Structure formats: structure tokens, C-alpha cells
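Here's the structure, in C-alpha cells; my notes come after.
The values are calculated or read from the model by the stated rules, or taken from the named source; none is laboratory data. Since this is a predicted model, take the numbers as computed values, not measurements. Glycine gets a Cβ as well: all are built from the backbone with ideal geometry, and neighbour counts include every protein chain shown. In case anyone asks, the SASA skips ligands and DNA or RNA and just uses the protein heavy atoms, side chains included. Shrake-Rupley method; radii C 1.70, N 1.55, O 1.52, S 1.80 Å.
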There are 2 protein chains.
Amino acid sequence: MKYGGYNSGRRSCFVIDRLSKKDRHKRLVQLIDENPFVTDRELTRQLKVSIQTIRLDRMELGIPELRERMKQMAEHSYDQVRSLSLEEVIGDVVDLQLDKSGISIFEIREEHVFSKTRIARGHYVFAQANSLAVAVINDEIALTSSADIRFLRQVKLGEKCIAKAYVRNIAGQKAKVEVFTYVSDEMVFQGNFVIYRSAGE
Amino acid sequence: MKYGGYNSGRRSCFVIDRLSKKDRHKRLVQLIDENPFVTDRELTRQLKVSIQTIRLDRMELGIPELRERMKQMAEHSYDQVRSLSLEEVIGDVVDLQLDKSGISIFEIREEHVFSKTRIARGHYVFAQANSLAVAVINDEIALTSSADIRFLRQVKLGEKCIAKAYVRNIAGQKAKVEVFTYVSDEMVFQGNFVIYRSAGE
DNA sequence: CAAATATTAGAACCTGGTACTAATGTTAAG
DNA sequence: CTTAACATTAGTACCAGGTTCTAATATTTG
């Protein structure tokens, strides 16, 4: 096979279509990042080197083989789906006295904040309170009818929100639930919910 | 090999540890559902049949091999992660006149409803309205300060929510935004938002 | 030039299968 | 009882997409 010329060291390349080892590694990482489903064979075409080189490169870079990459993604998504389907309620309900009160904890993660400011999007804070307000009502069907809410201070990435719900009164189809959300001792959110319920029980 | 005895037809089994074909199929589906990462070899242990039987069963049931299952899960999660990271805002903003009005569309899917009733959880409907109310404000930083909301009618699985936001007035750090959400021509949600903004611009 | 490094080639082996052929076990129907 | 139909098992060849190893060759640098 005719070589285009080596250029792995400090010398410049004299053929365009062959990259230095460093550059090839960068490109390799980039290609796999763009498309994790690419095989080594496909990579040989993109990088114009032998399949052995691709494999040595993956070794050096600690990039696992295609099947292992797929397995990891599959496991990741499996965990996510499981936690997501469990996450019918936003936040972990840690205490619940039906028709009386409840407490839930919710940690603000990357996906909950504005990327610019790292401040939580309001609807996540609301979602925790709303979930709890619905959960605390001891009824087959409980739906939010209306709410009056105040965001008292910004909640930042990494902060743990502790929501406390109190059922203020139940009359027929309507229940009034008050929710206060705290970060440590500071109140960050307050909401008055009217929850519609299926009357029974 | 000693047979425990067949029982695929209408006859009863006379050995406990061997299931009829139908029951084995059920169990097989169940096992793979519980753990999609199970190999055929592991299944032979659980079901006490040969690996060929397992493979014939998978064929009949249209269950792909382990690697194919993992690939599908990986692809699924890849799509999800990509769409999720784009989904900073709940709902698709289809029209936006900054500091004036905006429209967004949001379809209620499985993950947004109570599994029992198939009625949308309130916080998703709220999230769409809240996202839009924040988006419509032409400012570097815009955060929900308070809101007064009404859920006028239940929104069901599959329904398309069309939210329309109108900026009512802007004074200093506070902007008032009114949002109405419709399913076809019916109003299902109404909210008055007070949005805090960084004053500038 | 020689040593060091980079690249390529090739063979053996692995997992978790598919596809196919064939034998054997079991049951129901004639 | 026999036979056809179905269920199960066994075994072989083959595949993708690798790993692991040895060895040869190319290129660069000292």
C-alpha cells in the first residue's frame, strides 16, 4: 500500500487526506460523538486508515466497541424510563397524611433550570407543589381546578426544595390545599390550590 | 434426555417444572419484559427448555435478539435525549411577537396524563402556559413571579393544547401576561402571570 | 544508520446470535 | 395400533463486530 506520508510528530503533513495521530484522535472522538452507532469499518472510510489503527486509537482513548456503547445507552435509557415512569409525581413524597398534610423533596437538576442563569424554571417548582397537592387528597380522582401561586425567591441549580402541603378544608367536590416550598429555611414558593375530587370515599 | 412429558395440547401436565407452550410463551414475554438484557442462554435456565426452543419461541413471538433489543433501546434513548435537550420549553412555540403575544402547541402524550383517568396532569398544562409567558417577554432574564390560574376543563390524552399569550402591560421589572389555552375552540385553561424581568432592553 | 514510533496485516478466538437440516418425543385422530 | 402433525432438541455452518496477539512494514527522529 502506498503511504501518503507520516506526520505523527512535530513535522507538517505533506498530504492533505491523512491527519496526524492527535488530529485523528480528535476527529475520532468527534465522529463517535456525532454518531455513536458507527462501526470501526465505517470509521476506516472516514479517516482513511486501517481498521487496526482505528482499534488501537479506541484503546488509547478508552472508547468501547459499538456493542458496548449501545449496551450502555440502552441501560441508561432503561434506568431513565424506569425512573421516569415512577416519576408520575414530581418530587419524592416523604410523608403523607391523606386529607391532612404531606411533604415532598425535589432537587433542582440541570434539566430543570434555564441554562443561562441556572435558575429553576417556574413550572418545575409548581409541578412539585401541584403533584403534592393532588397526592394529599384521598380520592380516586383528584384534579387541579385552580391555583394562586407566588414565587418568592429564585431557586438555583442543586438546591433541594421541600414542599409542605396542608389541606385547609374539604367541602363536596372541592378541597383547598395550601403548599409552601422551602429551600433550607427560606420560603421560595407559596400556592393555594383548589383541587377537584370525585366526591366519593 | 429424559422428558418430563409433553403438555402442549389440551391435556394437563404431569410434571410441574415444565410449562405448556402457551404458558412458556407468556413467561418468556414476561421475563424479557422484566429484563430486556437477558440472553437466550439465561432463558434456558429459567424455562428449562433447550436454546433452540427459546429461539423458536422468540421467532413465533416476534421478539428480536438481545443485541437488536439493545440497539433499539439505545436508538430510542438517543432520540429522546436529543429531543429532551431541545425541549427547554414545554410546547412548540409557533408564533412569537416579543413583548406582545405568542402561540404554542403542545400535544398531551402518555407521559403527561394520570394513568388511571388519562387526564392531563395540571402541571403540564401549566408548564406550557408558563413557558410561553416567559418566552414572550423580550428580556435576558425573565422569571415567573406569581400566577393566578384556572383549569376550566380536563384535558385528555391525545388532545392538542394551543396556548395564546398576550402581554397586557410592562412596568419596570414586572410584566403582566395573560395566557389562554384551547383544545380546538374550547378554552381549557386560563392564567394571569406576573413575570419578573431584568429591566434592561 | 539505528532506534523509536506509527501503521498495517493476519490469524485465532469470542459472544450471541441466524438459518438450516435432521432426529426424536408426544399427542390426537383415524 | 398406526400414522400424521406438532413440539422439542441436536448439531452444523455462518455472520457481525469485535478482542487479543504476533509480526511485518513504514516513517520519523536522534
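Of the residues A:V15, A:V49, A:V29, A:V38, which single one is over 34 Å from the mean Cα position of the chain (by Cα), at pLDDT 90 or above and of a type in the set (V, I, T)?
Step by step, each of A:V15, A:V49, A:V29, A:V38 is checked, and only A:V49 is over 34 Å from the mean Cα position of the chain (by Cα), at pLDDT 90 or above and of a type in the set (V, I, T).
Would you mind stating whether B:S104 is touching a helix residue (DSSP H, G or I) at 6+ places or on another chain (Cβ under 6 Å) and either in the same structural domain as B:L31 (by TED's automatic domain parsing) or modelled with pLDDT of 85 or more (or both)?
The answer is yes for B:S104.
Within the range B:102-140, work out how many residues are surrounded by fewer than 17 Cβ atoms within 10 Å (Cβ to Cβ), more than 14 Å from chain A (Cβ to nearest Cβ) and more than 20 Å from the chain's Cα centre (by Cα).
Summing the residues that are surrounded by fewer than 17 Cβ atoms within 10 Å (Cβ to Cβ), more than 14 Å from chain A (Cβ to nearest Cβ) and more than 20 Å from the chain's Cα centre (by Cα) in the range B:102-140 gives 1.
Which fully enclosed strands (runs of 3 or more DSSP E) of the range B:123-201 have 2 or more residues being assigned by TED's automatic domain parsing to the domain that holds B:G102, within 16 Å of B:G91 (Cα to Cα) and charged (D, E, K, R)?
The qualifying strands (runs of 3 or more DSSP E) are B:160-171.
For residues in the range B:82-98 being at pLDDT 55 or above and over 15 Å from B:Q128 (Cα atoms), which is farthest from the other protein chains (Cβ to nearest Cβ)?
Among those residues, the one meeting the criterion is B:Q97.
Can you pull out the residues in the range B:41-65 that are near DNA strand C (Cβ under 9 Å from one of its atoms) and crowded, with 17+ Cβ neighbours inside 10 Å? Step through it out loud before you land on a result.
Pass one, the range B:41-65, residues near DNA strand C (Cβ under 9 Å from one of its atoms): B:41-43, B:51-52, B:54-56, B:58-59, B:63-65.
Within the range B:41-65, B:L43, B:I54, B:R58, B:I63 meet the criteria.
Does B:Q72 meet the test of being polar (S, T, N, Q), open to solvent by 60 Å² or more (accessible area, probe 1.4 Å) and within 16 Å of DNA strand C (Cβ to nearest atom)?
Taking the combined requirement at face value, the residue satisfies it.
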